[in-house]
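Note sheet for the following structure.
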Amino acid sequence: MADLSVQIKNLVFRNPVTLASGTCGFGEEMTPFINPDLLGGLFVKGLTIRNREGNPYPRMAETASGMLNAIGLQNKGVDYFIQDILPRIRHYQTHIIPNINGSTVKEYIQVAEKLADLDRIPAIELNISCPNVKAGGMEFGITCPSAFAVTEAIRKVYPKVLIVKLSPNVTHITEIAKAVEDAGADAVSLINTLLGMAINADTRKPVLSTVTGGLSGPAIKPVALRMVWQVYRSVGIPVIGIGGIMNALDAIEFMLAGASVVQVGTASFIDPTVSLKVIQGIEDYLNIHHISRLRDLTGGLITD
Ligand SMILES: Cc1cc2nc3c(=O)[nH]c(=O)nc-3n(C[C@H](O)[C@H](O)[C@H](O)COP(=O)(O)O)c2cc1C
């Protein structure tokens, strides 16, 4: 049997397939369909220091081979997660990784501090790439100094595995990746959604209440693959690949480009069992190609 395990710092994932933040709730929403214990990990919905209602409806729109969302980090706040949700999900035999957000560096720090000592939380994903909030979010992830500053601040208060989630809405993704690596990130995850918009020609109005939103799904896979490949060659820390992964071969492509771990997002809305199919498909691929360890595949792209 092929060895599907992968490692980021001291964190061993039983397999590389995880669910992307905002697309699996807190895992409970998925349990009618899948056993979370079979996943490599769960990146749960973005948390903020206080309750957030999110943006007004409509905040989702379907597009050709992708979807636009402008949820705006709706959540009940980190304390609610710790007191009400975590006790219900802590028995999952998979890594539970919160995605943390803030309007200011201070807010990011407050969220990270509250999560730092929890025994069932081995890592956090620092979201400096949300395109759907007025203050903070993507603003932190689009310049090197601000990406460095927020990562460095969190590094000082968070001793466990720190993953920083990057925005694709930048000119030089490798520069941002290097900045967060220099600031102490243990891994980078990419990509968050690409800024887009949809228009209703009959009403002449934007489809989303926020006019613009974040594009996800198969439409963004080529962009995400390119960015993962560029970042893998630029930094020394592991890369987590995200963006339009619909099946096992998509996941394998991300690994060849340099990803150690992958996140499945929008695909779960079409088929909530898809993540388990991706795991099985990766195992089949390794067996067919006589590869005994999945981690040997990372960065295996042949370009000459
Ligand atoms: C409805 C929805 C909500 C999302 N919420 C978050 C979030 O709270 N935090 C975050 O970092 N990314 C969030 N994302 C982005 C996804 O985690 C992922 O980076 C993006 O959708 C690209 O992957 P995909 O094409 O496989 O969906 C959200 C995406 C969608 C579609």
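Residue count for region 227-247 under the criterion of being within 14 Å of the ligand (Cβ to nearest atom) and not in a loop (DSSP other than H, G, I, E, B): the result is 6. Every test in (1) crowded, with 21+ Cβ neighbours inside 10 Å; (2) touching a residue at least 60 places away in the same chain (Cβ under 8 Å); (3) within 12 Å of the ligand (Cβ to nearest atom) is passed by Ala219 save one, and that test is (1). When we screen Phe81, Phe26 for residues that are part of a helix (DSSP H, G or I), in contact with a strand residue (DSSP E or B) (Cβ under 6 Å, 6 or more places away or on another chain) and of a type in the set (Phe, Trp, Tyr), the only hit is Phe81. Output yes when any residue across region 58-73 is polar (S, T, N, Q), in contact with a Gly (Cβ under 9 Å, 6 or more places away or on another chain), touching a residue at least 12 places away in the same chain (Cβ under 8 Å) and farther than 24 Å from Gly136 by Cβ, and no when none is. Looking for residues that are polar (S, T, N, Q), in contact with a Gly (Cβ under 9 Å, 6 or more places away or on another chain), touching a residue at least 12 places away in the same chain (Cβ under 8 Å) and farther than 24 Å from Gly136 by Cβ, one finds at least one in region 58-73, hence yes. Which is within 10 Å of the ligand (Cβ to nearest atom), modelled with pLDDT under 95 and either of a type outside the set (Phe, Trp, Tyr) or not in a strand (DSSP E or B) (or both), of Leu73, Leu126? None of the other options fit; the residue is Leu73. List the residue pairs whose Cβ atoms are under 9 Å apart, where the first residue sits in region 270-283 and is assigned to a helix (DSSP H, G or I), the second is surrounded by fewer than 17 Cβ atoms within 10 Å (Cβ to Cβ) and among the aromatic types (Phe, Trp, Tyr), and the two are 6 or more positions apart or on different chains. From residues that are assigned to a helix (DSSP H, G or I), the pairs are Leu276/Phe33. Here the condition is being among the aromatic types (Phe, Trp, Tyr) and surrounded by 23 or more Cβ atoms within 10 Å (Cβ to Cβ); of Tyr108, Tyr80, Tyr92, it holds for Tyr108 alone.
The residue that is surrounded by the fewest Cβ atoms within 10 Å (Cβ to Cβ), counting only those in region 284-304 that are within 20 Å of the chain's Cα centre (by Cα) and not in a helix (DSSP H, G or I), is Gly299.
Contact map, region 154-167: first residue over 9 Å from Ser129 (Cα atoms), second residue surrounded by fewer than 22 Cβ atoms within 10 Å (Cβ to Cβ) and among the acidic types (Asp, Glu), Cβ cut-off under 7 Å, separation 6 or more or different chains; pairs are Val157/Glu113; Val161/Asp186; Leu162/Asp186; Ile163/Asp186. Has region 137-151 got any residue that is at pLDDT 95 or above and charged (D, E, K, R)? For region 137-151, residues at pLDDT 95 or above and charged (D, E, K, R): absent. When Gly217 is tested against the conditions (1) more than 19 Å from the chain's Cα centre (by Cα); (2) on the phi > 0 side of the Ramachandran plot; (3) small (Gly, Ala, Ser), the lone failure is (1).
The listed residues are Ser209, Ser129, Ser167, Ser234, and the only one of them that is over 21 Å from Met255 (Cα atoms) and in contact with a helix residue (DSSP H, G or I) (Cβ under 9 Å, 6 or more places away or on another chain) turns out to be Ser129. Are any of the residues in region 250-263 within 14 Å of the ligand (Cβ to nearest atom), within 30 Å of Ile199 (Cβ to Cβ) and in a helix (DSSP H, G or I)? Yes, some residue in region 250-263 is within 14 Å of the ligand (Cβ to nearest atom), within 30 Å of Ile199 (Cβ to Cβ) and in a helix (DSSP H, G or I).
The values are calculated or read from the model by the stated rules, or taken from the named source; none is laboratory data. This is a predicted model, so every value here is computed, not measured. Because the Cβ atoms are built from the backbone with ideal geometry, glycine has one as well, and the counts that use them run over all protein chains shown.
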